[in-house]
Amino acid sequence: MTNDAALLTEVATDLFGDLCPPETVREAEETGWSAEMWQALTEAGFPLVSVPEKSGGSGGSVADACTVLQVAGRYAAPVPIAETGLLACWALAAAGLELPAGPATVAVGRPDDEIELTGGPGRWRVSGRLHRVPWAGAAELVVALAPRGTERFVLSVPVAAASITSGHNLAGEPRDSVALDDLALADDSVAPAPENVTDETLWLRGALGRAALISGALVRVTDLTVRYTNEREQFGRPIARFQAVQHHVVRTAEQAESARIATEVAARNTESDPAFFDVATAKLVASEAASAAAKLAHQAHGAIGMTREYELGQLSRRLWTWRDEFGSERYWSSRLGHRIAALGADGLWPRITTGLVADC
């Protein structure tokens, strides 16, 4: 980890640690999100890390944004920090559109989504249905890509003008449906999509963001497991002294470290656009680690890990959700396998040995 990343982690940890105790997360699962936390994070500039300063963002790299997301994942922060900066506002800035003052989210082109853009300057209209949009009900804008003939456009859709049907994932995070019924859009809400702003790029950015959240949550799961097994006594001694329990703790830590390294390498390899092989590998490793580590941690904790009051349950529900969002381990295994097979035998070894060695 570089000195800058270490400093950013320290500052973010102090802020999230103060704003996001387990009690706040439990309350947010009832209401959908924490407006007070969002306000504090906005004042610190965290939601717009990696969005260029010239466009109204906080500057920094994709790796910086993932550093913040790792801390957010560690505290199960109930705010759309990944959706706002890494996805929605990146697309808006790339297209030259104005950034919102509040939270934003993005529709990433799910197979069941429908969106149609018609008209032209001074008479833009959009219609469609967008499904399971993260935090749509709490957002100021929904960013979407829409075709018109052979052209593609970035749309900045005011949530207040859309019809929102509330939904949520296993962790209680909002995943809402958005209905656009022949909605009029102003000229400053529509712009041609730059070449690098595509559904695929947004999907890769979303997958990298989820991998970062997972890796952060796994650090906290490991900490909880180590602490609990050292405090819980059985037969007159801490259960951490039993070899079987030690095996669970070590394997949990191994999974957390694998996810962290894979995510940080993918993030540091990203200059402007995430690379397919890096992100696919990171999300695959992180999703597999989420499943394995959650299982191991709950085995070490026993029944207390399933209680609503205990922090492990909050983290586990998010791990089980995030591992499937923006592609599960099966999805990325399949895509990665097809890409590698397409390289042929001569391309396999160069692909495996090409990458960045993380100093972490």
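Can you tell me which residue is nearest to His168 (Cα to Cα) among those in region 291-330 that are in a helix (DSSP H, G or I) and in contact with a Pro (Cβ under 9 Å, 6 or more places away or on another chain)?
First, pick out the residues of region 291-330 that are in a helix (DSSP H, G or I): 291-306, 311-322, 329-330.
After this cut, where a residue has to be in contact with a Pro (Cβ under 9 Å, 6 or more places away or on another chain) as well, the list is 311, 314.
Numbers: Glu311: 20, Gln314: 14 Å.
Filtering region 291-330 for residues that are in a helix (DSSP H, G or I) and in contact with a Pro (Cβ under 9 Å, 6 or more places away or on another chain), the one nearest to His168 (Cα to Cα) comes out as Gln314.
Would you be able to say whether some residue in region 47-56 is surrounded by fewer than 20 Cβ atoms within 10 Å (Cβ to Cβ), touching a Leu at 6+ places or on another chain (Cβ under 9 Å) and either within 13 Å of Gly209 (Cα to Cα) or not β-branched (Val, Ile, Thr) (or both)? Walk me through it before giving the result.
First pass over region 47-56, keeping only residues surrounded by fewer than 20 Cβ atoms within 10 Å (Cβ to Cβ): 52-56.
If we keep only those that are touching a Leu at 6+ places or on another chain (Cβ under 9 Å) as well, we get 55-56.
Cutting the leftovers down to either within 13 Å of Gly209 (Cα to Cα) or not β-branched (Val, Ile, Thr) (or both) gives us 55-56.
Checked against the condition, which is being surrounded by fewer than 20 Cβ atoms within 10 Å (Cβ to Cβ), touching a Leu at 6+ places or on another chain (Cβ under 9 Å) and either within 13 Å of Gly209 (Cα to Cα) or not β-branched (Val, Ile, Thr) (or both), region 47-56 yields at least one hit.
Can you find a residue in region 110-129 that is within 15 Å of Gly206 (Cα to Cα) and surrounded by fewer than 16 Cβ atoms within 10 Å (Cβ to Cβ)? The answer is yes; a qualifying residue exists. Taken as a whole, the structure leaves Asp223 outside the set of residues that are more than 20 Å from Ala65 (Cβ to Cβ) and not assigned by TED's automatic domain parsing to the domain that holds His301. Return yes or no: is Leu336 touching a Leu at 6+ places or on another chain (Cβ under 7 Å), modelled with pLDDT under 95 and among the aliphatic types (A, V, I, L, M)? Spelling it out, Leu336 is indeed touching a Leu at 6+ places or on another chain (Cβ under 7 Å), modelled with pLDDT under 95 and among the aliphatic types (A, V, I, L, M).
Within region 331-354, is there a residue that is assigned to a helix (DSSP H, G or I) and within 15 Å of the chain's Cα centre (by Cα)? Within region 331-354, not a single residue is assigned to a helix (DSSP H, G or I) and within 15 Å of the chain's Cα centre (by Cα).
Would you check if Leu86 is touching a strand residue (DSSP E or B) at 6+ places or on another chain (Cβ under 7 Å), modelled with pLDDT of 95 or more and surrounded by 17 or more Cβ atoms within 10 Å (Cβ to Cβ)? Here the answer is no, as Leu86 does not meet what is asked. Of all residues in region 236-254, those that are at pLDDT 90 or above and assigned to a loop (DSSP other than H, G, I, E, B) total 1.
Residue count for region 286-298, restricted to those that are hydrophobic (A, V, I, L, M, F, W, C) and surrounded by fewer than 24 Cβ atoms within 10 Å (Cβ to Cβ): 2. Taking region 83-122 as the range and being touching a residue at least 60 places away in the same chain (Cβ under 8 Å) and within 15 Å of Asp182 (Cα to Cα) as the test, the residues that pass are Ile115, Leu117, Gly122. Determine, yes or no, whether Pro174 is loosely packed, with under 15 Cβ neighbours inside 10 Å and modelled with pLDDT of 95 or more. Here the answer is no, as Pro174 does not meet what is asked.
The values are calculated or read from the model by the stated rules, or taken from the named source; none is laboratory data. What you see is a predicted model, and the numbers here were worked out from it, not measured in a lab. Note that we place each Cβ from the backbone using ideal geometry, even for glycine, and neighbour counts take in every protein chain shown.
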